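Visitor: Here's a structure for you.
The values are calculated or read from the model by the stated rules, or taken from the named source; none is laboratory data. These numbers were taken from a predicted model, which means no experiment stands behind them. Using ideal geometry, Cβ is built from the backbone for each residue, glycine included, and neighbour counts are taken over all protein chains shown.
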Amino acid sequence: MVEQVTSKNTSERPGRVLQQDISLAFFRIGMLGFGGGPSSIPLVHSEVVKKYNWMNDDEFGDTLALANTLPGPIGTKMAGYIGYRVAGIWGCLNAILSSVIPTVVGMIVFLGLLQAYKDIPWVQHMSASVVPVVAVMLGVMTWDFIKKSGETLTWKVAILILALAALLIEGLHVHPAFVILGCIAFAFYPLILRRKKA
């Protein structure tokens, strides 16, 4: 069973206010997450960790790693889990609906307009102009994760795992889920050996 987060920014807030916070957070994520799921992760981190303190950086990193091993869109999985963790089943439904419905409605409304004006240069470059900003956001979050790994595992181990993951994912085209599962298995292997010896 998932424990509720105890934080002065969440559990002490009245239920209606907390649900409003969840709605606003995931509405912003859904509306500003240009480019698909991975590009929305820094937005989720900003809302969940920095703005509302629903998780700390380590919990967010663990949630992201586990979500990447499961099938389905990363944004929806993150919204559902975080909403449930913060406010139970109603928080889960609220987070999912707040992140999905506005973008679906927006797509239905504006798709016709974009199709009608798709040959205009400024429309063609509209999405491309967002890419550098998303790249910076992903880079900042990546560097934060690397620093935390270096502090937790020592820099030598962190760089070794980073290089091995890059080789497997980019060089050998191994799916990231298998790499993450391999890291989890590697982390638990010493504990299994100790139990067998005991």
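Visitor: Could you tell me whether segment 48-55 includes any residue that is more than 22 Å from residue 19 (Cβ to Cβ) and either out of contact with any strand residue (DSSP E or B) (no Cβ under 7 Å at 6 or more places or on another chain) or at pLDDT below 75 (or both)? Step through it out loud before you land on a result.
Guide: Just the residues of segment 48-55 that are more than 22 Å from residue 19 (Cβ to Cβ), to begin with: none.
So far as segment 48-55 goes, no, none of its residues is more than 22 Å from residue 19 (Cβ to Cβ) and either out of contact with any strand residue (DSSP E or B) (no Cβ under 7 Å at 6 or more places or on another chain) or at pLDDT below 75 (or both).
Visitor: (1) more than 17 Å from residue 66 (Cα to Cα); (2) loosely packed, with under 12 Cβ neighbours inside 10 Å: which one isn't true of residue 148, the others all being true?
Guide: (2)
Visitor: Kindly provide the set of residues from segment 41-84 that are touching a Phe, Trp or Tyr at 6+ places or on another chain (Cβ under 8 Å) and hydroxyl-bearing (Ser, Thr, Tyr), ordered by number.
Guide: Correct list: 63 only.
Visitor: May I pose another question? Among the numbered criteria (1) of a type in the set (S, T, N, Q); (2) touching a residue at least 12 places away in the same chain (Cβ under 8 Å); (3) within 24 Å of residue 135 (Cβ to Cβ), which single criterion is violated by residue 23?
Guide: Only one criterion is unmet by residue 23, namely (3).
Visitor: Let me ask you something else. Can you tell me which residues in segment 68-79 are of a type in the set (A, V, I, L, M, F, W, C) and surrounded by fewer than 21 Cβ atoms within 10 Å (Cβ to Cβ)? Working first, answer last.
Guide: Step one: of segment 68-79, the residues of a type in the set (A, V, I, L, M, F, W, C) are 70, 74, 78-79.
70, 74 - these are the residues of segment 68-79 that are of a type in the set (A, V, I, L, M, F, W, C) and surrounded by fewer than 21 Cβ atoms within 10 Å (Cβ to Cβ).
Visitor: When both residues are 6+ apart or on different chains and their Cβ atoms are under 9 Å apart, which pairs have a first residue that lies in segment 65-84 and is among the aliphatic types (A, V, I, L, M) and at pLDDT 85 or above, and a second that is in a loop (DSSP other than H, G, I, E, B) and buried (at least 19 other Cβ atoms within 10 Å of the Cβ)?
Guide: Short answer, once both residue conditions are applied: 82/54; 82/55.
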